[in-house]
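Notes to accompany the following structure.
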Amino acid sequence: MIFSCEEHVDIAIDTIVNDYETFPSLEKIEPEKKLLTTCEYCKNNAIYVVANT
């Protein structure tokens, strides 16, 4: 599972595809959790959760 901002969501998708060879799920983070979650690439607020499911 990768938390990502809008700018880095494409990198997060590519990482999941390369690591797990499957299309990832992409979900928006709930508004009340956005302030607590940061992007794993730049530490800005995360908007998406990209996961292998």
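The values are calculated or read from the model by the stated rules, or taken from the named source; none is laboratory data. Note that this is a predicted model, so its numbers are computed, not measured. All Cβ positions, glycine included, derive from the backbone under ideal geometry; neighbour counts span all protein chains shown. For accessibility, only protein heavy atoms count, side chains too; no ligands or nucleic acids. Shrake-Rupley method; radii C 1.70, N 1.55, O 1.52, S 1.80 Å.
Structure values in brief
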{"quantity": "In Hz, Karplus ³J(HN,Hα) per residue of segment 9-20 (6.51, -1.76, 1.60; θ = phi - 60°; x = Gly, Pro)", "calculated": "4, 5, 5, 5, 4, 4, 4, 5, 4, 5, 6, 10"}
{"quantity": "In sequence order, calculated HN-Hα J values of segment 30-37 (Karplus, 6.51, -1.76, 1.60; Hz; x Gly/Pro)", "calculated": "4, x, 6, 9, 4, 6, 9, 10"}
{"quantity": "Within the chain: Cβ-based charge dipole about Cα centre, in debye rounded to nearest 20 (Lys, Arg +1; Asp, Glu -1)", "calculated": "220 debye"}
{"quantity": "MRE, 222 nm, helices only [DSSP H, n ≥ 4, -39500 (n - 2.57), over the chain, to nearest 500]", "calculated": "-8000 deg cm²/dmol"}
{"quantity": "Alpha-carbon gyration tensor eigenvalues x 5, square-rooted, for the chain, Å", "calculated": "19, 11, 7"}
{"quantity": "Surface share of carbon and sulfur [accessible, 1.4 angstrom probe, percent] for the chain", "calculated": "52 percent"}
{"quantity": "Average accessible surface area per residue within the chain, 1.4 Å rolling probe, Å²", "calculated": "70 Å²"}
{"quantity": "Calculated from backbone phi, Karplus (6.51, -1.76, 1.60) coupling profile of segment 41-47 in Hz, x at Gly/Pro", "calculated": "9, 9, 6, 6, 4, 7, 10"}
{"quantity": "Over the chain, relative contact order from alpha-carbon pairs under 8 Å, at least 6 apart, %", "calculated": "53 percent"}
{"quantity": "Placed amide H near THR37: partners under 5 Å, 5+ positions off or other chain", "calculated": "ALA46"}
